[in-house]
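Coordinate-derived values only; no laboratory data. If you're wondering where the values come from, they're calculated on a predicted model, not measured in any experiment. All Cβ positions, even for glycine, are placed from backbone atoms using ideal geometry, and neighbour counts span all protein chains on display.
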Amino acid sequence: MLLKTERVLDRFSDYVGYVAAALMLLMLANVFYDTIMRYFFRSGSIALQELEWHIFSVVFLFGISYALKTEGHVRVDVLYDKFSPKAKALVNIAGTLIFLIPLAVLIINGSTWFVHEAYTMNEISGDPGGLTHRYLIKAVIPLSFVFLVISAAGFVVRNIRIFRGLEMPPEHHVEDDVL
């Protein structure tokens, strides 16, 4: 049962990661086109420049849940590396349930009014020629934290399985660390 739940939640996080990767390619194409138009043809677009930042925001916000799933997030605890796999799993479970999920729920609750206000005001860019429907990009904030809660659930299930000895902890190589 736990394994099936973990696989479903991990598959969801993978799809979010695929969306972020596809948007990264879209952002690359957008930046390339905008740069060519601006420097070679002296024709720029405020909307394309804003779209770069909007896509980057979505990539970053969606990438958070994928980073948690792949354990690509930053660990600050010096003691954590010396813990046994069961102790690490327990720390991961406690940290997720005590800190990550409550913070994500707080951000979801705190940002929905932000989206609603932008929608009811029909907020648009302050720049001439900018993007309209600003509520769409603002809606990514609570949505991405909903995705993070789903990814965190998969992370907790995986660590429960590791704690119970049903799954091996993921391999961690020192040479993979970035200083």
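Structure notes:
- For Leu131, distant residues with modelled amide H under 5 Å away: Ser125
- For the chain, size of Cβ-based charge dipole, Lys and Arg +1, Asp and Glu -1, in debye: 500
- Cα pair distances of the chain binned at 5 Å [whole percent]: 1, 8, 13, 15, 16, 14, 11, 8, 6, 5, 2, 1, 0
- Test item: Cα-centred dipole of the stretch 1-41, Lys/Arg +1 and Asp/Glu -1 on Cβ, debye: 60
- For the chain, calculated [θ]222 nm from helices alone, where every DSSP H run of n ≥ 4 adds -39500 (n - 2.57): -24500 deg cm²/dmol
- Residue (of Tyr18, Pro169, Ile141) at the positive-pole extreme of the chain, dipole from beta-carbon charges: Pro169
- Membrane-span-like helices in the chain, defined purely by DSSP H runs whose alpha carbon atoms cover 18 Å or more axially and whose average Kyte-Doolittle hydropathy reaches 0.0, are 2-40, 46-69, 101-120, 134-163.
- Using a Förster distance of 22 Å, the FRET efficiency for Arg11-Ile98 (Cβ separation, nearest 0.05): 0.25
- Rounded, prolate or oblate (a/c below 1.5 giving rounded, otherwise prolate when a/b exceeds b/c) for the stretch 79-125 by Cα gyration tensor: prolate
- Its Cα centre serving as origin, the stretch 41-143 has a Cβ charge dipole (Lys and Arg +1, Asp and Glu -1) of approximately 400 debye.
- If you plug the beta carbon distance of Asn122 and Leu166 into 1/(1 + (r/R0)^6) with R0 = 30 Å, you get a FRET efficiency near 0.05.
- Gain on full stretching of the segment that runs from Leu3 to Trp113 - 0.36 nm per residue minus C-alpha separation: 35.9 nm
- Annotation for His133 and Val78: the two label points, set 7 Å from Cα along the Cα-Cβ direction, are 5.1 nm apart.
- As a proxy for reagent exposure, ranking Lys88, Lys4, Lys69 by other Cβ atoms within 10 Å from fewest up yields Lys4, Lys88, Lys69.
- Simple label model, 7 Å out from Cα along Cβ direction - Ala87 to Leu106, nm: 2.8
- Cα centroid separation - the stretch 45-97 against the stretch 138-162, whole Å: 10
- The residue among Gly63, Thr5, Val74 whose Cα reaches farthest toward the positive pole of the charge dipole of the chain, with charges on the beta-carbon of Lys, Arg, Asp and Glu, is Thr5.
- Relative contact order of the stretch 38-163, defined on C-alpha pairs under 8 angstrom at six or more residues apart (%): 42
- Each of Leu100, Leu106 was scored by other Cβ atoms within 10 Å of its Cβ. Arranged with the fewest first, they read Leu106, Leu100.
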